[in-house]
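Participant: Structure incoming, see below.
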Amino acid sequence: MNSSFTARDLESGVASYGNTKAEALRMLAEAIELHEGGGEPVTNEDLEEWDLEDTEPGDEDLPEFIKKQGGYLGA
């Protein structure tokens, strides 16, 4: 059985997970740091390197398989 652990900071509501309790807590610490403004911002150069496009949600038409299901089901 493959299990994971979830860790959540009650004050901020930030949560993360890991394969062990220690890993979940390490990942939570990193997530809290990023939530509080730590880390580096993603640049256009980063997006190009990762072969990602800088688009906003809803900028593109829905894929055919979603249209056939009756529309978007996201938030």
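Participant: Considering each residue of the range 1-33, count those that are open to solvent by 100 Å² or more (accessible area, probe 1.4 Å) and of a type in the set (A, V, I, L, M), and give that number.
Facilitator: Matching residues across the range 1-33 total 3.
Participant: Check the range 34-44 and report whether any residue there is at pLDDT 90 or above and open to solvent by less than 80 Å² (accessible area, probe 1.4 Å).
Facilitator: Checked against the condition, which is being at pLDDT 90 or above and open to solvent by less than 80 Å² (accessible area, probe 1.4 Å), the range 34-44 yields no hits at all.
Participant: If you check PRO57 against the conditions, is it open to solvent by 100 Å² or more (accessible area, probe 1.4 Å) and modelled with pLDDT under 90? Before you say what the answer is, go through the steps one by one.
Facilitator: On the way: open to solvent by 100 Å² or more (accessible area, probe 1.4 Å): yes; modelled with pLDDT under 90: yes.
For PRO57, the condition - open to solvent by 100 Å² or more (accessible area, probe 1.4 Å) and modelled with pLDDT under 90 - is met.
The values are calculated or read from the model by the stated rules, or taken from the named source; none is laboratory data. Just so you know, these numbers come straight off a predicted model, no measurement behind them. When the accessible area is computed, the model is the full protein with side chains, heavy atoms only, and any ligands, DNA or RNA have been set aside. Shrake-Rupley method; radii C 1.70, N 1.55, O 1.52, S 1.80 Å.
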